[in-house]
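Engineer: Below you will find the structure I want to go over with you.
Each value in this text was obtained by applying a stated rule to the coordinates, not by laboratory testing. Keep in mind that this is a model prediction, so the values were computed, not measured. Virtual Cβ from ideal backbone geometry, glycine too; neighbours counted across all protein chains shown.
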Amino acid sequence: MVAFTTTPAIPVPVPVHPSSISQRNTPLNSNSCWKSVWFPPSSCSCSCLSILLANNTRRSTLHQFIIPKVSFNPQGNYDLSLLSDDDLQAKAPEPMPPKQGRYEVIIDTDAIRRLDLSPFQSATAISSSSSVNPEEYLERTIGFTIKYKREDPYDQREVSEFPEIRLWYVRLDATYPWLPLLLDWRAGELARYTAMLVPHQMSMRMGVVFNPEALELFIMNKVFTIYPWLKQQGFPTSKARLKTNDMARMLGFGIGDELFDLIDQHPVSSPT
């Protein structure tokens, strides 16, 4: 039996701007069970974000070999009210700054609407797996700045709520599926990247709240992608497992050696 479990994430707390949520009319489902992630203000800066996991866990079967734990409230009564007294009184903690010297990818409205990945390729010099030196990118990391012009200046949606921005990230992820490993995790880039690809809701008190089943599937997809990729890049098995597990832990999951053993026992050739 292989299992992965939720683990505490490294906090990089950032406030959610009240105006970006308080005027919304769509209620959050109080009976749903979601993982929560703080999301930065609607300034389109991608440098700050943190993961805030709920305290309780449950078991749900992903398939017969893997039994993941995900955050949830056993009473089924999460209070996802948009504003509370604590929100209004508590001083927001300072975010962690972007890593110095990281590759900074600047994407604008035109690139987003044309699904143009050239800004990423130009900023990072990454065009294919063969053009990547993982050690270099793991050291410098990669971050994003989104300069998206809103058609309606009063549009208070976060960047992860714009379908065209999410679609750009979907194409980026499909082209470079190992990219999450190389992001500036501590500045929140991994969590923001995940928010672009995983269904979620917005809460003033809890930030971005992920659908747990979707987050589980996202994590497992990345484990199956990144672990073999690291080994293909010449990483020792132990280090490839450590790096993959570190990424999963940033999103609240721990991966057991049994799962890595199964992957090693039944390798799959990468598509050409």
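Engineer: Taking H as built 1.01 Å from N, whose amide H comes closer than 5 Å to the amide H of PHE253, not counting residues under 5 places away?
Structural biologist: THR7
Engineer: Can you give the extra length, in nm with one decimal, that the chain gains between ALA125 and ASP108 once fully stretched, where that is 0.36 nm per residue apart less the Cα-Cα distance?
Structural biologist: Here the segment from ALA125 to ASP108 would lengthen by 4.3 nm.
Engineer: Measure off 7 Å from each Cα along the Cα-to-Cβ vector at LEU217 and SER118, then give the distance between these two points in nanometres to one decimal.
Structural biologist: 3.4 nm
Engineer: Sticking with this structure for a sec: Less than 13 Å Cβ to Cβ from ASN245, Lys/Arg counted +1 and Asp/Glu -1: what total charge do the surrounding residues give?
Structural biologist: Result for the neighbourhood of ASN245: +2.
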